[in-house]
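Take a look at this one; I'll ask things after.
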Amino acid sequence: MTRFPTGRFNNARRAAVLAVLAGACGGSEPGVARGELIFDACSPCHGDDGAGKRELGAPAIAGGSGWYLTAQLLKFQSGARGYHHADAEGLRMRPMSRALFADKGDIESVVEYVVSLPIPDPPATAQGGNAQAGEAEYVQLCANCHGRDGRGVDLGVPELNAPSLLHLNDWYVESSLRKYRDGVRGVGDAAGATMRAPASGLTDERIRDVTAYVMTMQRLPRKIAAPPPPPLPPVDADPAILPEGVTVAMAQEGQEIFNGTRGICFTCHVREGRGGALAPSLADDEWLNIDGGYESIVSIVMTGVPEPVEYPGTMQPRAGMPLTDDEVRAVAAYVFTLSR
Ligand code: HEC
Ligand code: HEC
Ligand code: HEC
């Protein structure tokens, strides 16, 4: 199989790779062996070890989780990623994804192979970021979703899970954050929109700082998980203050939705609705968009907040989660009790 030197990547070479993918890999069964064959078409850009090549803008993919790599390949295929004329790298990757055939199990095969590669340790290449300032930024803006240790968080909904940052090249973290901020990546799909919220409003300097911090995290021992958060106290609400049709049991269920992986509300509003850098406190009696009555809470959770008054980013309808109407009413009951 042809391997070509790095450097300029022209159309003839790209066509050759596509031909290799379409032809030579036919026949073998889906699985890691087929994945290794397919990977020969990826390594010119992503490197033999999957650790990325800066000169081509191709990031490390070894070290990524299977669910994340699969989701990204599907987004390149559908055009939810690599759609913007200013996204040179995404446009370079997109045709590669198109050469993977679902019916032949190409994606699962190549992902299986990539996941089998050792996690790379990309060297720091960026200069100028202030890791200390970046840590404060990370704790406030990123840790809720990507985890305090950067290993990503499984929120139980594949499209919204936040990926690990621990294998990524610093130049790629930086360029991705700029792309999310500028709408060059992440427009038009739920996970992308989730990530665009924290990226919106970041200056280039803050992006450099937080990237510098991510690089220091990559140097920490990787397998030490953050301690689990302390259990929440039972909802303590006086039934007399609850609106008609709302019960303490509903608020109790809402507490789980709000602070857990079903509703992911805590990722922006912080546990128990205390408020953070991305979204306001729901535990005080100040409201930005609504009057704070029970029905107004139900309705804003249903519609989301496409144009926030003060906070960066947006809240999607039902927070982008598959919440039923009853679950929305339950989570609204919990929010109602928080401020009372
Ligand atoms: C022509 C060069 C090139 C080839 C060949 C290539 N890629 Fe890519 N790939 C890229 C670039 C450039 C990006 C970064 C896009 C961006 O910055 O948004 C990328 C991004 C990706 C991503 C997203 C990574 C992330 O962290 O989000 C995945 C997954 C991926 N490629 C998998 C593959 C696989 C699998 C193959 C082989 C079938 C392959 N690529 C072949 C250039 C290439
Ligand atoms: C509300 C949850 C959430 C928060 C907060 C968040 N992220 Fe993300 N992040 C995601 C999701 C979901 C994705 C996957 C998006 C996609 O598929 O394009 C993502 C993707 C990324 C990527 C791209 C990874 C790759 O391999 O291409 C980077 C880099 C990143 N986030 C860094 C950050 C940083 C730095 C912060 C803080 C400034 C942050 N994120 C805050 C949810 C979040
Ligand atoms: C991706 C971040 C994000 C997630 C996740 C999220 N929200 Fe929000 N939420 C916001 C933003 C941003 C606003 C509007 C702030 C503004 O107007 O400046 C908001 C506003 C609200 C408001 C109105 C507050 C007011 O003062 O007007 C309520 C109530 C609310 N959210 C509840 C929820 C519930 C319940 C969930 C989970 C089902 C949730 N949110 C998930 C970001 C988020």
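The values are calculated or read from the model by the stated rules, or taken from the named source; none is laboratory data. What you are looking at is a predicted structure, and each value in this text was computed from that prediction instead of being measured. Backbone-built Cβ (ideal geometry, glycine too); neighbour counts: all protein chains shown.
State all residues of the range 260-299 that are under 20 Å from Tyr138 (Cα atoms), free of Cβ contacts under 8 Å to residues at least 60 places away in the same chain and either more than 6 Å from ligand 3 (Cβ to nearest atom) or not assigned by TED's automatic domain parsing to the domain that holds Ala333 (or both); if no residue qualifies, say none.
If the condition is that a residue be under 20 Å from Tyr138 (Cα atoms), free of Cβ contacts under 8 Å to residues at least 60 places away in the same chain and either more than 6 Å from ligand 3 (Cβ to nearest atom) or not assigned by TED's automatic domain parsing to the domain that holds Ala333 (or both), then Arg271, Arg274, Gly275, Ser281 are the ones that fit.
Filter the range 100-145 down to the residues that are polar (S, T, N, Q), within 18 Å of Asp49 (Cα to Cα) and crowded, with 18+ Cβ neighbours inside 10 Å and list them by number. So that I can check it myself, show each step before the final result.
Here is the first cut: in the range 100-145, the ones polar (S, T, N, Q) are 109, 116, 125, 127, 130, 132, 140, 144.
From what's left, within 18 Å of Asp49 (Cα to Cα): 109, 116.
Within the range 100-145, just Ser109 meets the criteria.
Residue-by-condition table, conditions (1) modelled with pLDDT of 95 or more; (2) farther than 23 Å from Val184 by Cα; (3) in contact with a helix residue (DSSP H, G or I) (Cβ under 6 Å, 6 or more places away or on another chain); (4) within 15 Å of ligand 2 (Cβ to nearest atom):
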| site | (1), (2), (3), (4) |
| --- | --- |
| Ala15 | no, yes, no, no |
| Gly27 | no, yes, no, no |
| Asp40 | no, yes, no, no |
| Pro44 | no, yes, no, no |
| Glu55 | no, no, no, no |
| Gly64 | no, no, no, yes |
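What tally of residues in the range 161-185 results from selecting those that are farther than 18 Å from Ala126 by Cβ, within 16 Å of ligand 3 (Cβ to nearest atom) and in a helix (DSSP H, G or I)?
Of the residues in the range 161-185, 0 are farther than 18 Å from Ala126 by Cβ, within 16 Å of ligand 3 (Cβ to nearest atom) and in a helix (DSSP H, G or I).
When the residues of the range 69-95 are narrowed to those that are buried (at least 19 other Cβ atoms within 10 Å of the Cβ) and touching a strand residue (DSSP E or B) at 6+ places or on another chain (Cβ under 9 Å), which ends up nearest to Arg185 (Cα to Cα)?
Filtering first and then ranking leaves Glu89.
Going by the conditions given, is Tyr213 within 13 Å of ligand 3 (Cβ to nearest atom), more than 21 Å from Arg318 (Cβ to Cβ) and aromatic (Phe, Trp, Tyr)?
Details: within 13 Å of ligand 3 (Cβ to nearest atom): no; more than 21 Å from Arg318 (Cβ to Cβ): yes; aromatic (Phe, Trp, Tyr): yes.
Answer is no for this residue.
Mind checking which residues of the range 101-115 are out of contact with any Pro (no Cβ under 7 Å at 6 or more places or on another chain), part of a loop (DSSP other than H, G, I, E, B) and modelled with pLDDT of 90 or more?
If the condition is that a residue be out of contact with any Pro (no Cβ under 7 Å at 6 or more places or on another chain), part of a loop (DSSP other than H, G, I, E, B) and modelled with pLDDT of 90 or more, then no residue fits.
Which count do you get for residues in the range 236-251 that are surrounded by fewer than 18 Cβ atoms within 10 Å (Cβ to Cβ) and either closer than 16 Å to Gly292 by Cα or of a type in the set (D, E, K, R) (or both)? Steps first, please.
First pass over the range 236-251, keeping only residues surrounded by fewer than 18 Cβ atoms within 10 Å (Cβ to Cβ): 236, 238-241, 243-245, 247-249.
From what is left, the residues that are either closer than 16 Å to Gly292 by Cα or of a type in the set (D, E, K, R) (or both) are 236, 238, 241, 243-244.
Number satisfying all stated conditions: 5.
Same structure, new question: State which residue is nearest to Ser200 (Cα to Cα) when the search covers only the range 242-268 and only residues that are within 14 Å of ligand 2 (Cβ to nearest atom) and either touching a strand residue (DSSP E or B) at 6+ places or on another chain (Cβ under 8 Å) or at pLDDT below 90 (or both).
Among residues in the range 242-268 that are within 14 Å of ligand 2 (Cβ to nearest atom) and either touching a strand residue (DSSP E or B) at 6+ places or on another chain (Cβ under 8 Å) or at pLDDT below 90 (or both), the one nearest to Ser200 (Cα to Cα) is Cys268.
Would you check if Gly64 is surrounded by 17 or more Cβ atoms within 10 Å (Cβ to Cβ) and not assigned by TED's automatic domain parsing to the domain that holds Leu165? Let's see the steps before the verdict.
Working: surrounded by 17 or more Cβ atoms within 10 Å (Cβ to Cβ): yes; not assigned by TED's automatic domain parsing to the domain that holds Leu165: yes.
Yes: the conditions hold for Gly64.
Okay, next question. Looking only at the range 88-107, decide whether some residue is away from ligand 3 (no atom under 16 Å from the Cβ), within 26 Å of Arg206 (Cβ to Cβ), under 18 Å from the mean Cα position of the chain (by Cα) and in the same structural domain as Gly50 (by TED's automatic domain parsing).
Narrowing the range 88-107 to residues away from ligand 3 (no atom under 16 Å from the Cβ): 88-107.
Those still in the list that are within 26 Å of Arg206 (Cβ to Cβ) too: 88-90.
So of that shortlist, the ones also under 18 Å from the mean Cα position of the chain (by Cα) come out as 90.
Within this subset, residues satisfying the condition of being in the same structural domain as Gly50 (by TED's automatic domain parsing) are 90.
The answer is yes; a qualifying residue exists.
In the list Tyr294, Tyr311, which residue meets the criterion of being under 29 Å from Glu135 (Cα atoms), of a type in the set (Phe, Trp, Tyr) and surrounded by fewer than 22 Cβ atoms within 10 Å (Cβ to Cβ)? Even if it seems obvious, please write down each step before you answer.
Values: Tyr294 fails: under 29 Å from Glu135 (Cα atoms).
Just a single option satisfies the conditions, and that option is Tyr311.
Further, regarding this structure: May I ask you to list the residues in the range 303-313 that are at pLDDT below 90 and near ligand 3 (Cβ under 6 Å from one of its atoms)?
Tyr311, Gly313
Kindly establish whether Asn169 is polar (S, T, N, Q), farther than 18 Å from Ser200 by Cα and within 19 Å of the chain's Cα centre (by Cα). Walk me through how you get there before you give the answer.
Numbers: polar (S, T, N, Q): yes; farther than 18 Å from Ser200 by Cα: yes; within 19 Å of the chain's Cα centre (by Cα): yes.
For Asn169, the condition - polar (S, T, N, Q), farther than 18 Å from Ser200 by Cα and within 19 Å of the chain's Cα centre (by Cα) - is met.
Just checking, how many residues over the range 66-83 are closer than 26 Å to Thr125 by Cα and in contact with a helix residue (DSSP H, G or I) (Cβ under 7 Å, 6 or more places away or on another chain)? I'd like the intermediate steps shown before the answer.
In the first step, residues of the range 66-83 are kept if they are closer than 26 Å to Thr125 by Cα; the result is 68-69, 72, 81-82.
Subsequent filtering for residues that are in contact with a helix residue (DSSP H, G or I) (Cβ under 7 Å, 6 or more places away or on another chain) retains 69, 81-82.
Of the residues in that region, 3 qualify.
Output the residue which, of all residues in the range 240-259 that are of a type outside the set (A, V, I, L, M, F, W, C) and touching a helix residue (DSSP H, G or I) at 6+ places or on another chain (Cβ under 6 Å), is farthest from ligand 3 (Cβ to nearest atom).
Taking the range 240-259 first, the residues of a type outside the set (A, V, I, L, M, F, W, C) are 243-245, 247, 252-256, 259.
If we keep only those that are touching a helix residue (DSSP H, G or I) at 6+ places or on another chain (Cβ under 6 Å) too, we end up with 243, 253-255, 259.
Working: Pro243: 15, Glu253: 13, Gly254: 8, Gln255: 11, Asn259: 10 Å.
Ranking the candidates gives Pro243 first.
Within the range 300-340, can you find the residues that are closer than 23 Å to Thr247 by Cα, free of Cβ contacts under 8 Å to residues at least 24 places away in the same chain and charged (D, E, K, R)?
Hits for the range 300-340 are Arg318, Asp325, Asp326.
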